[in-house]
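A quick write-up on the structure given underneath.
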Amino acid sequence: MLVIYSAMKNHVTYVQGPPGTGKTQTLFNVVVSSYFNNKTTLVTTMNNIPVDGILDKIRFKYKDKIDIPFPFLRLGNKEMIAKATLKIKKFAFYDYKAKIFPNKINQIKEKINEQTEPLINKITAYQQEKVEKSQLTFLKKLRDLSDRNSAKLNQTIYELENKIKDAKSITDKDLLESFSPASKDPQYLEYLYYSSISHLKNLQTDNYKELREIVSIDVEEDRVSKFNKWCLDDNNMKLLTKVFPIIFSTNISSSKLGTGEFIFDMVIMDEAGQCPIATSLIPISRADSLVLVGDVDQLKPVVLLPEETNEKLKKKFNINDNYDYCHCSIISAMQDEDKVSEEILLKHHYRCGKKIINFSNKYFYNNKLIIDDLANEGNLSFFDCHNHADTIHQNQSIEEAKGIADYIKKSHLKNVKVITPFIN
């Protein structure tokens, strides 16, 4: 809820999503909320896998039986574009049975807004209290470090303490009790159904004649080529996002969406801790507001630029360590420079046994993860393989590979998955 709230209100939001903390579900909720708030949204990452995880969750049914045609488009490489053009063609020539009344859609939305207003007020109060407590801590530190006894500073601290004391404190429980999932709200699903069709029916108007002709081309290569060329026009991107306000792509493929003057209301970048700075700037340059989701405590970007070349370039162009292309991700670089925007940690872990995630919790997350609710204790074993890997064959370790194989054989394991950063 706090991630959604920040994403809808602020220009930049950082989300740290450790493993098993519901990152994909959170992103999915931000996408749906962005749609409800009439925002055009670009969801991107370095490769297709994280994006596909969110897409798998976009399944809505109206009256428990009718599939809701949620208006999103999946773009990217040639294969993705080919599928997208066929999807556009399907909706451009579809015989819609449902009658759309814009006033009715707006009325449904107004009712939903009335229902959610108490929750929004609670979240606002919750955030305000957090800000005030942070300010109080800062002012007290300032007073302790100051040589002078400032009457004005003491008065400000006194007033802030009383304000916090007098305010009704909002707890996590208060927020959760006011929350109900949209997927179980018939009114919201009705809004989603009719508003989705309203978006898609735009394809059948005169403004989309050229696009209809392009997606009707039989030869796939020609169809993809002409569609990509059509998307490079900023005015055409405005047309496309009027039908499909949610677009999924990769960082590099975002370069095909307009010339750079067309701006999305929001860009959401997943796995930003593994996104190199340069390619990440492509979608960011198309963002009015930005949500970076990643984890600086996991793997860094895999960059093949030689270290010697990197150092020469840093020296030549006077690049400081915060923007080191080989060692910094887009989220680490931005957070090092940005002292204003909020960072939200997803701290409830849902996936592993306690012993397994507790290792990561202690060594990487300073015990910030909440794992008390996990029912499974889990098993964790450590093996010292005494690595003697030579430097010629990088990213491999014979001793570790043998250790894993021996453990599997001795334990008579029949069902095993080996997870490693490098398959060598």
Residue, surrounded by the fewest Cβ atoms within 10 Å (Cβ to Cβ), within the stretch 269-280, restricted to residues that are hydrophobic (A, V, I, L, M, F, W, C) and touching a Pro at 6+ places or on another chain (Cβ under 9 Å): Ile277
Candidate set: the stretch 50-67, residues that are touching a helix residue (DSSP H, G or I) at 6+ places or on another chain (Cβ under 6 Å) and in a helix (DSSP H, G or I); chosen: the one farthest from Pro245 (Cα to Cα): Gly53
Any idea which of Ile217, Ile252 is surrounded by fewer than 21 Cβ atoms within 10 Å (Cβ to Cβ), in the same structural domain as Val303 (by TED's automatic domain parsing) and in contact with a Ser or Thr (Cβ under 7 Å, 6 or more places away or on another chain)? Ile252
By my count, helices (runs of 4 or more DSSP H) wholly in the stretch 215-334 with at least 1 residues that are in contact (Cβ under 8 Å) with a residue 24 or more places away in the chain and within 23 Å of Asn38 (Cβ to Cβ) are 220-231, 234-243, 277-284
Here the residues within the stretch 27-49 that are crowded, with 22+ Cβ neighbours inside 10 Å and not in a loop (DSSP other than H, G, I, E, B) are Leu27, Val30, Val31, Ser34, Thr41, Leu42, Val43, Thr44
Ser198 versus (1) surrounded by 16 or more Cβ atoms within 10 Å (Cβ to Cβ); (2) free of Cβ contacts under 8 Å to residues at least 24 places away in the same chain; (3) not acidic (Asp, Glu): which is the lone unmet condition? (2)
Would you point out the residue of the stretch 101-119, among those that are of a type in the set (A, V, I, L, M, F, W, C) and surrounded by 14 or more Cβ atoms within 10 Å (Cβ to Cβ), that is nearest to Met237 (Cα to Cα)? Ile105
Within the bounds of the stretch 411-424, is there any residue that is in contact with a Gly (Cβ under 8 Å, 6 or more places away or on another chain), in contact (Cβ under 8 Å) with a residue 40 or more places away in the chain and in a loop (DSSP other than H, G, I, E, B)? no
Note down all Cβ pairs under 7 Å where the first residue falls in the stretch 146-174 and is in a helix (DSSP H, G or I), the second is surrounded by 13 or more Cβ atoms within 10 Å (Cβ to Cβ) and of a type in the set (S, T, N, Q), and they're at least six residues apart or on different chains. Leu160/Gln135
Thr116: modelled with pLDDT under 90 and under 27 Å from the mean Cα position of the chain (by Cα), yes or no? yes
Members of the stretch 184-208 that are over 21 Å from Ile247 (Cα atoms) and part of a helix (DSSP H, G or I): Lys184, Pro186, Gln187, Tyr188, Glu190, Asp206
Mind telling me which of the residues Phe91, Phe138 ends up being part of a helix (DSSP H, G or I) and assigned by TED's automatic domain parsing to the domain that holds Val31? Phe91
Would you mind stating whether Thr44 is closer than 24 Å to Glu271 by Cα and touching a Pro at 6+ places or on another chain (Cβ under 7 Å)? yes
Which one of Ser329, Ser280, Ser255, Ser289 is touching a Gly at 6+ places or on another chain (Cβ under 7 Å) and among the polar types (S, T, N, Q)? Ser329
For the stretch 316-344, enumerate the residues that are of a type outside the set (D, E, K, R) and within 20 Å of Thr44 (Cα to Cα). Tyr325, Cys328, Ser329, Ile330, Ile331, Ser332, Ala333, Met334, Gln335, Ile344
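The values are calculated or read from the model by the stated rules, or taken from the named source; none is laboratory data. Keep in mind that this is a model prediction, so the values were computed, not measured. With ideal geometry, Cβ positions are generated from the backbone for all residues, glycine too; neighbour counts draw on all protein chains shown.
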